[in-house]
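Laboratory data are not the source of any read-out in this text; all were calculated from the coordinates shown. Keep in mind that this is a model prediction, so the values were computed, not measured. Glycine also receives a Cβ, built like all others from the backbone with ideal geometry; neighbour counts cover every protein chain displayed.
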Amino acid sequence: MYNILLVDDEVEIINTLQNNVDWASYGVENIFTAHDGLEALEVLSANSVNLMISDIKMPNLDGISLLHEVRTRYPQVRCIILSSFREFSFAQEAIKLGVENYLLKPLNHEELDQSIRKCMNNLSMHKHVMQSLFMDNVLYRWITGDISKEDLAERSKHIQVNIYFRNYCVVLVKTASQNVAEDLLSAFLRQLQSKYDAYHFIDYTSQHVLILGGHTVDQQVIHEALQNAIDQTSREEKLTAAIGSVVVGSDQVVLSYHSAMDCMFLSTASAGQHIHIAEDPSHVDITDYQLNQIVNHLKDSMDSDEPIDPTPLFREILAPTKDFSLSSLNSYMNMLSARLLRLLVTLGLVDPNAEQSIMLSTHHFEATPTEEILFDCFDDILTMNLMMMKKHLCRLSPICTLAMQYIANNFMEYVSIKDFCSQHNVNASYFGFLFKKETGVYFNDYLNQIRINHAMTLLKNTNHKISQISKMSGFSNTSYFIQCFKKRTGMSPSNFKQIISEE
């Protein structure tokens, strides 16, 4: 359960923040308010506060001065700064003081929501506090696709990150010891400093993330430098690294990150020191629609007393692989396993810790498999995930199970965590915290995922207009639907429909 402090001398801004953000879904119990910096310090001295959202220009004690005091007295408090000023000096000073984000008025609701979500994630996962939280926040939103091109361009100037290279590649490194990681990365970056620009941060799982950019980026050059660094700092400790696919343009960095994450995930069962290199994404193209087809099959299997034949699904999903090389086929099957499990975790259908705990047996064909062998492999993937779904959903509390059913039955209409909690006489703040804890995803995020999945089905199987599909999927605003769809799939609904039609 969390406590929030809102600080602004404008009453309208305070009211907007209080009423337009679904605080209960983030597990927020108390919302304190203050109208200047001195009043805010009084609140902080009397209460435990997790997140402070403050204006810059206020009477008595301004936002920057307040930040100085908060960093000295209450360093554990996360901070988001609001301002009507575009002068770089304000942002620069706020960044130095370690703010989570620096938002301009008038507030963009989506940007504010994303910033709050990241803060709550960092709090719930006890993310290690880095010297530059602002830079970490921007880089993380860049690799996960949670930042617009315009915002990235604006913020990249503040943190001196070049987003105009031709090629980029994301590298992930995980070690058992922080000292080993620091020695390794220092040696690694020394070898690459004349070739690429490198931007580094640590994510919430204590995994080191490096974004490499340059005119021409080569996976083999990165592999060689990383191996040399390992040799120089060799210790008898487990070390795993993944080199993502090389992509063109800053807007494709998210693809490199996902490919590196897939490789890292598939190495869960590995021991010792390993470096994994992602395939070119064009060789292992697995669409969100295909993954959602499998998820729907697994859900139907959960509800059925009789086994459901996976043959039609097998022919649809594995049809593109008939012309694959053996190497590409192996990559495809393993990436399919990894991405399916990660999607099930995201949807709250599998234990949030599954990615860290499961010993995944990777698939590796020594020779081109027959259709029967390929089918057995596909069936094994379905069976493994179905077992994990059953195991996880049996452990969900009854109220979370009811909430998921409530969303499934009502997602095409107005859905509210407050209405659900009112119907079942549950404290909304506590339930928002519980739902995130048990499912691994926030209530509203889960709702949007269900709606987008439904929209994808409509786009494939109907000729309705985008505005109609938006409404039929539960979105009251078409532009917001397009934004959510693009964030979820990496493309607009119209582009998705065009690709499906061509296939």
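Classify segment 382-471 as rounded, prolate or oblate, taking a ≥ b ≥ c as the square roots of the eigenvalues of its Cα gyration tensor: rounded when a/c is under 1.5, otherwise prolate if a/b is larger than b/c and oblate if not. Before the final figure, lay out each step's value.
Numbers: a/c = 2.68, a/b = 1.30, b/c = 2.06.
Here segment 382-471 falls in the oblate category.
At a Förster distance of 41 Å, what's the computed FRET efficiency of Ala408 paired with Ile159, Cβ-Cβ distance as r, to 0.05? Let's see the in-between values first.
Values: r = 41 Å, r/R0 = 1.01.
My answer for the efficiency is 0.50.
At a temperature of 25 °C and a viscosity of 0.890 mPa s, determine how fast the chain diffuses translationally according to Stokes-Einstein, using the Kirkwood radius over alpha-carbon pairs as Rh; express D in µm²/s, rounded to the nearest whole number. Please report the intermediate quantities before stating the final value.
Numbers: Rh = 24.5 Å.
It comes out at roughly 100 µm²/s.
Let me have the relative contact order for the chain, percent, based on Cα pairs under 8 Å that are six or more residues apart.
Working: 702 pairs, mean separation 61.2, N = 503.
It rounds to 12 percent for the chain.
How large is ³J(HN,Hα) for each residue in segment 206-222, as worked out from phi by the Karplus curve 6.51 cos²θ - 1.76 cosθ + 1.60 (θ = phi - 60°), to whole Hz, x for Gly and Pro?
Here the 3J(HN,Hα) series is 6, 8, 7, 10, 10, 10, 9, x, x, 5, 9, 10, 10, 4, 5, 5, 5 Hz.
Over 21 Å between Cα atoms, which of Lys460/Lys487; Lys157/Lys487; Lys299/Lys497; Lys118/Lys437; Lys174/Lys486; Lys437/Lys486 qualify? Present the calculation step by step, with values, prior to reporting the outcome.
Values: Lys460/Lys487 19 Å; Lys157/Lys487 23 Å; Lys299/Lys497 24 Å; Lys118/Lys437 15 Å; Lys174/Lys486 30 Å; Lys437/Lys486 26 Å.
Beyond 21 Å between Cα atoms: Lys157/Lys487; Lys299/Lys497; Lys174/Lys486; Lys437/Lys486.
Using +1 on the beta carbon of Lys and Arg, -1 on that of Asp and Glu, and nothing else charged, what's the dipole of the chain about the Cα centre, debye to 20? Could the numbers behind the result be given before it?
Values: 39 positive and 59 negative charges, 84 e Å.
That gives a dipole near 400 debye.
Tell me the label-point distance for the pair Gln227, Ser48, using the 7 Å Cα-to-Cβ offset, in nm and rounded to one decimal.
Going by the 7 Å Cα→Cβ label model, 5.1 nm.
Whole-Hz Karplus ³J(HN,Hα) for segment 7-21, in order, using 6.51 cos²θ - 1.76 cosθ + 1.60 and θ = phi - 60°, x for Gly and Pro?
With the stated coefficients, segment 7-21 comes to 10, 6, 7, 8, 4, 5, 5, 4, 5, 5, 5, 5, 9, 9, 10 Hz.
Taking 35 Å as R0, compute the FRET efficiency from the Cβ-Cβ separation of Gln468 and Gln76 and round it to 0.05. Kindly include the intermediate steps, with their values, before the conclusion.
Values: r = 48 Å, r/R0 = 1.37.
That pair, Gln468 with Gln76, gives E of 0.15.
What nm distance separates the two modelled labels at Asp251 and Arg166, each placed 7 Å from Cα along Cα→Cβ?
1.9
To the nearest 0.05, how large is the calculated FRET efficiency for Asn495 and Val11 if R₀ is 45 Å and r is the Cβ-Cβ distance?
Numbers: r = 43 Å, r/R0 = 0.96.
Between Asn495 and Val11 the formula returns 0.55.
So how far, in whole Å, is the C-alpha centre of segment 41-59 from the one of segment 411-463?
Cα centroid to Cα centroid, the span is 31 Å.
Write down the Kirkwood hydrodynamic radius of segment 138-193, to one decimal in angstroms, obtained as one divided by the mean of 1/r over all alpha carbon pairs.
This gives a value of 13.4 Å.
Counting only helical runs of four or more DSSP H residues, what would the 222 nm mean residue ellipticity of the chain come to if each run contributes -39,500 (n - 2.57) and the total is spread over all its residues? Present the calculation step by step, with values, prior to reporting the outcome.
Details: 22 runs with 274 residues, N = 503.
Computed ellipticity for the chain at 222 nm equals -17000 deg cm²/dmol.
Tell me the chymotrypsin sites (Phe, Trp or Tyr not before Pro) within segment 139-237 that lie in a loop according to DSSP and have at most 15 other beta-carbon atoms within 10 Å. Walk me through the numbers before you get to the answer.
Numbers: sites: Tyr140, Trp142, Tyr164, Phe165, Tyr168, Phe188, Tyr196, Tyr199, Phe201, Tyr204; in loops: Tyr164, Phe165, Tyr196, Tyr204.
When the chymotrypsin sites (Phe, Trp or Tyr not before Pro) of segment 139-237 are filtered for loop state and at most 15 Cβ neighbours within 10 Å, Tyr164, Tyr204 remain.
Using a cut-off of under 16 Å, list every residue of segment 287-314 whose amide N is near the label point 7 Å from the Cα of Lys322 along the Cα-to-beta-carbon line.
Residues passing the 16 Å test: 312-314.
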